[in-house]
Amino acid sequence: MNQRLHVIFATLLLVLLVLPASATAPEHQLVQAGGISVQAILRPNRNPPTANTYVIYDDHQVLVVDVGKVYNDTLAIVAALDPLLKDGARRLNAFFLTHGHPDHVGNVWRMAELYPTVPLYVGNAGVHTETVTLMRVFGNFLNLSSPGNPDGNAPDRFPYASRRAIRILTSPEQLWHTPPEALLRPADAPPLLRVLTNEDTARLGESNHYAWLEFRPTADQLWVLGGDLVYVNTHVYMGFGVSLMAQCDWANVLLTDWTKRYGSEPLLSKVHVTLFPGHGPPTSDLLVAIGEHLAYMEYVRRVFVNTCSPSDAFERVMSRYSRLNDVTLLQAYTIPYRVPYDALNLGCKCVADAPPSCGITPPTCLSY
């Protein structure tokens, strides 16, 4: 990565990293099936609540998916883990990072300090590179998990941003050990845990590389821990690194892969699917969430290619999507990287801060 790209990453992600976290104690939302529980760590000051981190456990083991951003996230994770681990009956298997964004991996060094024997895994080499790069860039001058600086603005170093600390997963068993009772399941039953990645997808969503988890605690339950691939009731981040064509790839994956995988009638007639998103509350309406996510992306793309005014873009999006959470994602991280550049790049002759519509249609995606 060249020096200019480092500066661009630092400009965008520094703001993400130091964005204040809520000082309010998080709520914990619990979903259970087949002796396995998923605890979503929610922030109650959001309406609706939103989650970045999930703790999965049974009577013998624990897995943490994504580790949040700042010190308050550390407190929430520790508060969730302490009662699960205190009697020694359960083992903390691993921390799993779905992708390399700072609001999902920014707390990784504190987890490494608090739980030094517990491995940190990513799903593929792309996520590993992104995560280690970001940690090296920001770890030199930010300590996100300093008790004296809960909003993350104290100088420090990140001693764990190395290939030895963050490992590439080679087997689902590294995350979740198959209990003896699971061996009694029918031979044709789906595996208890699948790890899926987009290693071969060039430009997927916000991040070039991604991984997500599927849990099948029972034959009629499917849990999808999807990271940021689908937002729920939240303004979708579409800023730096998410070009118009990257948005197409993101949409196409949801249409051609997720909708087919999780929306087929044979599956839905037998299985109850629950999505645990990287932004927003868990939902059992996965297809609705995908549809709303795609509709938002389509509307926002059309707005951005037809205006040179950031304030106009914000007002137009909010006029339709005022109920969504995390307005900061839209106002601070998406619009500044899209307006007026999308419109000008497609030939719109608008003037800075002027709101005219050019009647431009965004580039057509393959399936979108």
_Against the condition outside any helix (DSSP H, G or I) and basic (Lys, Arg), how does Lys260 come out, does it pass?_
no
*What helices (runs of 4 or more DSSP H), lying completely within region 48-140, carry at least 1 residues that are in contact (Cβ under 8 Å) with a residue 60 or more places away in the chain and open to solvent by less than 30 Å² (accessible area, probe 1.4 Å)?*
71-85, 102-105, 125-139
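Select, from Val303, Val351, Val339, the only residue that is under 26 Å from the mean Cα position of the chain (by Cα) and in contact (Cβ under 8 Å) with a residue 24 or more places away in the chain.
Val339
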*asked:* Considering only residues that are farther than 24 Å from Val317 by Cα and touching an Asp or Glu at 6+ places or on another chain (Cβ under 8 Å), which ones fall in region 229-274?
replied: Lys270, Val271, His272
*asked:* Checking the structure you have, find out if any residue of region 260-277 is of a type in the set (Asp, Glu) and closer than 26 Å to Ser171 by Cβ.
replied: no
_Testing Arg316 on (1) farther than 30 Å from Ile56 by Cβ; (2) touching a residue at least 40 places away in the same chain (Cβ under 8 Å); (3) charged (D, E, K, R), one condition comes back false. Which one is that?_
(2)
*What's the number of the condition Tyr368 fails, among (1) in contact with a helix residue (DSSP H, G or I) (Cβ under 6 Å, 6 or more places away or on another chain); (2) modelled with pLDDT of 85 or more; (3) among the hydroxyl-bearing types (Ser, Thr, Tyr)?*
(2)
*Considering only residues of region 165-215 that are within 22 Å of the chain's Cα centre (by Cα) and basic (Lys, Arg), which is modelled with the lowest pLDDT?*
Arg203
*Taking the condition open to solvent by less than 30 Å² (accessible area, probe 1.4 Å), modelled with pLDDT under 80 and either farther than 29 Å from Arg320 by Cα or part of a helix (DSSP H, G or I) (or both), does Val253 pass?*
yes
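Yes/no matrix, rows are residues, columns are (1) under 18 Å from Gly280 (Cα atoms); (2) modelled with pLDDT of 90 or more; (3) touching a strand residue (DSSP E or B) at 6+ places or on another chain (Cβ under 7 Å):
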| site | (1), (2), (3) |
| --- | --- |
| Ala313 | no, yes, no |
| Met318 | yes, yes, no |
| Tyr321 | yes, yes, no |
| Ala332 | no, no, no |
| Ile335 | no, yes, no |
| Val339 | no, yes, no |
_Any residue at all in region 227-237 that's under 18 Å from Glu292 (Cβ atoms), touching a residue at least 24 places away in the same chain (Cβ under 8 Å), of a type in the set (S, T, N, Q) and in contact with a Leu (Cβ under 8 Å, 6 or more places away or on another chain)?_
yes
*Meets criteria (of a type in the set (Asp, Glu), within 18 Å of the chain's Cα centre (by Cα), open to solvent by 10 Å² or more (accessible area, probe 1.4 Å) and over 24 Å from Thr361 (Cα atoms)) for Asp228*: no
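The values are calculated or read from the model by the stated rules, or taken from the named source; none is laboratory data. All values reported here derive from a predicted model rather than from experimental measurement. Here the Cβ is made from the backbone with ideal geometry for all residues, glycine too, and neighbour counts use every protein chain on show. Just so you know, the surface numbers come from the protein's heavy atoms only, side chains and all, with ligands and any DNA or RNA stripped out. Shrake-Rupley method; radii C 1.70, N 1.55, O 1.52, S 1.80 Å.
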